[in-house]
Amino acid sequence: MADTSTQSVRRLTKGLLAYLAKNRQLNLLPELVAEAVRTTQKERDSKTAVVWSVRPLEEPTPTELKKVLSEVFGRTLEVSNRVDKTMIGGLIVKVADTVIDLSIRGQLEQLEESIVHSL
C-alpha cells in the first residue's frame, strides 16, 4: 500500500489532469512538467541554508548548524546568518523551499493552535 504522501501526490495529479482536461488546457502539461522539474532541480542544487536569528550567530554554532543541516538535507550546505531583531528567540532555517521554524514565536503559535483545537 502506498504511503500517505504518495497517495496525496496521486490525488493532486489526478485533480490537475481532470482540471486541465475539463478546461481544454492539456496542451499546458509539458510546460507544467518542465517547471516542476526545474523547481525540483533548483531545490536539490541549493547549497545555502539561510538561518534567521535575533542576533548574529557565534562560533561554534554556525559550524555545528552546517554539519547538522548537511546531514539532514543530504548535501553540503553553507550557512548564511541573517539577523531579525523582531524575533523573540530561536532560529528559522530555510533551504530552498523548505522552512524549519524553531523560533519561540513559532512554538507559541503551535501551542496556541493546539489549545484552540483541543477546546
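Each of (1) 19.5, 57; (2) 21.3, 66; (3) 13.2, 46 is a candidate for Rg and Dmax of the Cα atoms in Å; the one calculated from this structure is (1). Remark: region 104-116, residue by residue, has Karplus-estimated 3J(HN,Hα) of 4, 4, x, 5, 5, 5, 5, 4, 4, 4, 5, 5, 4 Hz, where x stands for each Gly or Pro and the curve is 6.51 cos²θ - 1.76 cosθ + 1.60 at θ = phi - 60°. Coupling constants for region 51-63 follow from the phi torsions by the Karplus curve (6.51 cos²θ - 1.76 cosθ + 1.60, θ = phi - 60°), and in residue order they are 10, 8, 8, 6, 9, x, 6, 10, 4, x, 4, x, 5 Hz; glycine and proline get x. Placing pseudo-labels 7 Å out from each Cα toward the beta carbon at Thr40 and Thr6 gives an inter-label distance of 1.5 nm. Of the residues Leu77, Trp52, Met87, the one whose Cα sits farthest towards the positive end of the charge dipole of region 46-119 is Leu77 (charges of +1 on Lys and Arg Cβ, -1 on Asp and Glu Cβ, taken about the Cα centre).
Our helix-only sum for the chain, with -39,500 (n - 2.57) per DSSP H run of n ≥ 4 divided by its residues, gives a mean residue ellipticity at 222 nm of -18000 deg cm²/dmol. So what is log10(I(q)/I(0)) for region 74-119 at q = 0.13, 0.24, 0.26, 0.33 1/Å, when the Debye sum runs over its Cα atoms only? At q = 0.13, 0.24, 0.26, 0.33 Å⁻¹ the computed log10 ratios are -0.41, -0.93, -1.00, -1.19.
Expected output is a single nm value to one decimal: the length gained when fully extending between Val72 and Leu102, i.e. 0.36 nm times separation in residues minus the C-alpha distance. What is it? Contour length minus Cα-Cα distance gives 9.3 nm. Per-residue 3J(HN,Hα) values for region 82-94, derived from phi via the Karplus relation 6.51 cos²θ - 1.76 cosθ + 1.60 with θ = phi - 60°, read 10, 8, 10, 5, 7, 6, 7, x, x, 9, 10, 10, 10 Hz in sequence order (x marks Gly and Pro). Under the criterion of Cα pairs below 8 Å and six or more residues apart, the relative contact order for the chain equals 23 percent. To the nearest 10 degrees, how steep is helix 4-22 against the longest Cα principal axis of the chain, on a 0 to 90 scale? Taking the Cα atoms of the chain, the angle to 4-22 is about 50 degrees.
Only the coordinates and a few stated rules stand behind these numbers; no lab work does. Fair warning: this is a prediction, and the values are worked out from it, not measured in the lab. Every residue, glycine as well, gets a Cβ built from its backbone with ideal geometry; the counts of neighbours run over all protein chains shown.
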